[in-house]
Amino acid sequence: MDLLAAVGLFAIQALLIAPLFMGEFTRYRGSIEAAYITDARFIVDHFPDLSWNPLWYLGFPFEWFYTPLLPALVALIGKLIDDVPAAYRIVAATGYALGPAALYIAAREITRSRAAAIFGALAFIFLPSISYLLPGLQGDATAFSGAALPPPWRLVALVEYGEGPHVLSLALALLALAAGVRYIRQPSGTRLLTAVVAVVAVALTNLIGVLGVAVFLGLVPASERIGGRAEGRYARLFVIGALTGLLSTGWYSLGFIRAVFGFSTPGGGEGGTAYLWLPVVLIATLVAVAWLDRRLPEGGALAVGWTVVFGAIVVARQFASVELAPQPIRYALELDAAAAIGIGIAAAWALRKLPALQPGRVRAVAGIALAAVFIAVGAGGWLTVRERLAPDVAWRDWSERRVALWLSQHLGPGERAYLTGDHAFWADVFADVPQVRGGVDFAFSNPWWAHVTYQVNNGTDADISQLWMAALPVRYIVVPGPASSEVYRDYADPKKFDGGLPVAFDEGGVRIYEVSRTGDPRLVVAHVADLATPTSAIDRTAISGYVKRIADGRAPIKLEQRGLGSVRAEVDVREGEQVVLRQAYDTGWRASVDGRPAVARADAIGQLIVEVPAGRHVVELQHGVHTDFIAGLGVALVTALVWLAISVRRRLRHA
């Protein structure tokens, strides 16, 4: 019966979002889904050469690109159907449709009430989100749908903003909640395995989802009705958390964690922060859940606790500009799920306890009527939004695609483009376009890209921008003007380069300016080791000195690109010169000179240099995965093997 209900809920939700399963792209070009499609396309086009990605952030280690589960699924399906964007549509829509079914399973487990689970799932599908009590979200959703009672915020997050990984991770988190409750209530090896696999799946899908599933499961032991002694419940939760953490090191390497939490942008961007008040909120909520547990219907205290924690995260940011967690507004999705479970519990309790509804037939009729009310409340919003979910059939005419294809045809080997806004996000969906920016801003080795971006977009000095373009090396600067379809309008002055650079492309409100080539854009032999690091992106003396040295340098005698992160060059080096690979330095690079190991390091602006003796030599550069990534894989593998050995031993002893 429960399986049938879950399948039915999945089918209802899938029917409501049916247009999202079709086509390649929606009309919402401000969506960050471009990053995930790009990742999947990169995997399909370049597998297994995936150590180094030269397309974003002056080159970066691909293991930092994001959490891998969704892009890997998209890449697999995209390879099978030969259409990566269409594969993303299928995976993202399926993740959304899975949400109500997962919520039903989770609510059924914590409440042990089929009615509460059904009403919770229907509320999740049809009722306007509780997060619409926040004025900003409600106004955004109304503008998106054109309805006074818009569909759930989860739909807006997926379609308009491209939160495919978060939406999928929420469904997986609810399944992990159900599995975790089942194990905590009545432990077994199989239930532990199911719970850990589900939580690891969340961790490999979305960074925001990690805290979400931690809150969902973290409050469970405070409920006495789960069963058993309190210390036993917390011990089982600890086992789930410890195994999940050890297995997740297979992706969450120390380098990845540093990249995520150490990122900040010039001009006040969000970065790693000690969110000291969140533990206080969690501890207070644990106490409240324990106190409320026997005073509310089963599962009610947990639903209240989840709503309080996620609500505090979202409300504190919305009304007090206090960040209890990273990117707090995004936890509106978890808040809505918690509130939907609470609504389901309240509806089932009312049907069961109100004296007027005690006769079984009356209760059944009242339940059907209440379900009809839920559906009627949401039907209008779903009807108005359906057209907005349809694919954009004119995507081949997008400015972002036309610019990307033009760049791919005109960029020479080693040359880059400077793009910003949604043109930067979408460029590598359509073609391999090396650029200064990218789609996941923490995934960089060379931090200068962020400072350069801030200066180019906001600074008034066009000359210093051109110097940076010559240094990096950028051949074309893409500038969307007021008449373009650009969503973000990043340029403070779109006319900044008029008169200073020749225009190579002018179409649809977008201009592409051409920058003169400075040195070989792939590899240069030049004297750069003694140059000072710029004090900022507007340190004209330092950056002009660097550009002059590169301009005075020489190209290699012969250069062979053996892969995305593999180069072999024959060079003629004079005394005091170095070999400069014009890509970002990263600790994953290994260098050799005439077959003997050599030291690779960063130059003044973060590009890779190798010290080479004077004379003619063969320099080889190879990028490999980081040692900490391999160590993390080792920890995950050892954990899995030890766990397997313990499980087999127990089974043999029982046998």
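The values are calculated or read from the model by the stated rules, or taken from the named source; none is laboratory data. Remember, it's a predicted structure, so these values are computed and weren't measured experimentally. Counting neighbours? That spans all protein chains shown, and the Cβs are built from the backbone with ideal geometry, glycine included. Keep in mind that these areas ignore ligands, DNA and RNA; they rest on the heavy atoms of the full protein, side chains included. Shrake-Rupley method; radii C 1.70, N 1.55, O 1.52, S 1.80 Å.
Rg over Rh for the range 159-211 works out to 1.08, both radii taken from alpha-carbon positions and Rh defined as the Kirkwood radius.
By the rule of a C-alpha distance below 29 Å, with chain neighbours fewer than 8 residues away ignored, the lysines paired with Lys495 are Lys548. Shown here: the range 551-655, whose C-alpha atoms stretch 76, 26, 21 Å along the first, second and third principal axes, sorted largest to smallest.
Solvent-accessible area per residue for the chain at a 1.4 Å probe radius, Å²?
Here the per-residue accessible area is 41 Å².
For the chain, the Cβ-based charge dipole about the Cα centre amounts to some 2920 debye (Lys, Arg positive; Asp, Glu negative; other atoms uncharged). Charge dipole (Cα centre; +1 on Lys/Arg Cβ, -1 on Asp/Glu Cβ; no other charges) of the range 1-67 amounts to roughly 280 debye. Site pair Gln358 and Ala230 shows an inter-label distance of 3.6 nm when each label is modelled 7 Å from Cα along Cα→Cβ.
In the chain, helical runs assigned H by DSSP with n ≥ 4 each contribute -39500 (n - 2.57); averaged across all residues and rounded to the nearest 500, the mean residue ellipticity at 222 nm is -17500 deg cm²/dmol. Put simply, the C-alpha atoms of the range 420-479 give a gyration tensor, and the ellipsoid matching it has half-axes of 19, 13, 11 Å, longest first. When the alpha carbon gyration tensor of the range 513-613 is reduced to an equivalent ellipsoid, the three semi-axes, largest first, read 22, 15, 14 Å. By the equivalent-ellipsoid construction on the alpha carbon gyration tensor, the range 431-574 comes out with semi-axes of 28, 18, 16 Å, ordered largest to smallest.
From the coordinates of this entry, P(r) over Cα pairs in 20 Å bins from 0, in percent is computed, and it appears in (1) 16, 41, 35, 7, 0; (2) 17, 46, 28, 8, 0; (3) 16, 37, 26, 16, 4, 0, 0 under the label (2). The angle between the Cα long axis of helix 114-126 and the longest principal axis of the Cα atoms of the chain comes to about 40 degrees, rounded to the nearest 10. I need to check one value: relative contact order of the range 302-371, counting alpha carbon pairs closer than 8 Å and at least 6 residues apart, in percent. About 27 percent, as a whole number. On the chain, 63 percent of the accessible area sits on carbon and sulfur atoms, based on a 1.4 Å probe. On full extension, the segment bounded by Val642 and Ile557 gains 25.3 nm, given 0.36 nm per residue less the C-alpha separation. Applying the criteria of a DSSP loop state and at most 15 other Cβ atoms within 10 Å to the GluC sites (Glu not before Pro) of the range 574-648 yields Glu575. Between the C-alpha center of the range 89-134 and that of the range 157-185 there is a gap of 10 Å. Of Ala390, Val440, Ser223, which is farthest along the charge dipole of the chain in the positive direction, counting Lys and Arg as +1 and Asp and Glu as -1 at C-beta? Result: Ser223. Modelling each spin label as a point 7 Å along the Cα-to-Cβ direction, I'd like the Thr190/Arg574 distance in nm, to one decimal. About 7.6 nm separates the two model spin labels.
Could you give the length gained on full extension between Asn458 and Ala655, defined as 0.36 nm per residue of separation minus the Cα-Cα distance, in nm? Taking Asn458 through Ala655 to full extension adds about 63.8 nm, to one decimal. Over all Cα atoms in the range 366-504, the spread is summed up by Rg and Dmax: 21.1, 73 Å. Between Arg112 and Ala390, full extension at 0.36 nm per residue minus the direct alpha carbon distance yields a gain of 96.3 nm. Pairing the Cα long axis of helix 462-471 with the longest principal axis of the chain, what angle in degrees results, from 0 to 90 and rounded to the nearest 10? Computed tilt is about 80 degrees. Compute the long axis of helix 69-81 from its Cα atoms, compare it with the longest principal axis of the Cα atoms of the chain, and write down the angle in degrees, 0 to 90, nearest 10. It works out to around 80 degrees.
Candidates Ala369, Val571, Val197 compared by Cα position along the dipole of the chain: farthest toward the positive end lies Ala369, with charges placed on Cβ. Which FRET efficiency, nearest 0.05, do Ala532 and Glu611 yield, Cβ-Cβ r, R0 22 Å? The formula returns an efficiency of 0.75 here. In units of the rule-of-thumb radius 2.2 N^0.38 Å, the range 1-116 shows an alpha carbon radius of gyration of 1.31.
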